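Taking it in order: structure first as structure tokens, then the write-up.
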Amino acid sequence: MRTGRYMLWSIITVSFLVSACGVIRVVPKTQQTDHSVSTSDLKNSDENKMVVSLSPSLPPASLEFDSADYILGAEDLIEVMVWKNPDLSTTVFVRPDGKISLPLIGDLQAAGLTSIELRDSIKVLLRRYKKTPEVSVIVREINSFSIFFVGEVVQPGKIKLKSETSFLQAMTLVGGFTEFANVKNIVLLRRENGQEQRIKINYKDIVSGKNPDSNIMLKRGDTILVP
């Protein structure tokens, strides 16, 4: 009799526990979510984080400097490297007459050429001494890309530029206009092919959007006159 009561109480207790805990569902192996991360995934994740963190520091494409297209000028510092010939390799400034002096070659025109054109000229001249010279030309410093501000600006004078610069961008480098400046009658003087051009700039038309094309890109040797 006691054994029967004991078994009855055991059945009731087990039933109560099952009902209290709910139904236990076994998830098939094929449906289980794999939360493991492989070493390659971690590596890719880290690389992605590096790309994201570095991207904001990249300069705007409009201000990037392409040394292959840059025209050399006086005072620019260039490095000439001749492979396996350290005695022929040198770093020189372009002289005011536009030339550089190199071992064996002597004086050579550099101003007015790109680094690639100068490299090719050096290779041709070195063939007198070497059959297949390997030459590299690197622009180390840009010192010839200068413009000039005259008149009613806060800091008139010579400004050295390091990349393509518009008129408005150049104005920030001289501190802006003085209170007496006639900003509607600015004149840009530019010499090309031996002739001087006079280009009128109306500052108010640029900032108002009436004539945004007047915000021209400046060239080496430009002079901005602010009456």
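What follows is calculated from the coordinates using simple rules that are stated; it is not laboratory data. Everything numeric here is computed off the predicted structure, so don't read it as measured data. Methodologically, a virtual Cβ is constructed for each residue, glycine included, from the backbone with ideal geometry; neighbour enumeration extends over all protein chains shown.
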Exercise. Can you list the residues, at least 5 places off or on another chain, whose amide H is less than 5 Å from the amide H of L161, using H built in the peptide plane?
Worked result: F145, S146, I147
For this session: Using only Cα atoms, locate the centre of the range 104-142 and the centre of the range 176-202, then give the distance between them in Å, rounded to an integer.
Result: 37
Exercise. Can you work out ³J(HN,Hα) from phi for every residue in the range 119-127, in order, using Karplus 6.51 cos²θ - 1.76 cosθ + 1.60 and θ = phi - 60°, giving whole Hz and x for Gly and Pro?
Worked result: 4, 5, 5, 5, 4, 4, 6, 6, 5
For this session: Could you calculate the FRET efficiency of Y129 with E79 from 1/(1 + (r/R0)^6), where r is the beta carbon distance between them and R0 is 22 Å, rounded to 0.05?
Result: 0.65
Seminar exercise, completed: Exposure proxy check on E134, E117: fewest-to-most Cβ neighbours within 10 Å is E134, E117
Exercise. Counting other C-beta atoms within 10 Å, which of K84, K184 has the fewest, and how do the rest follow?
Worked result: K84, K184
Seminar exercise, completed: Amide H neighbours of R140 at under 5 Å, excluding residues fewer than 5 places away on the same chain, with H built from the backbone geometry, are L77, I78, E79
For this session: Could you line up T178, T223, T172 from fewest to most neighbouring Cβ atoms inside 10 Å?
Result: T172, T178, T223
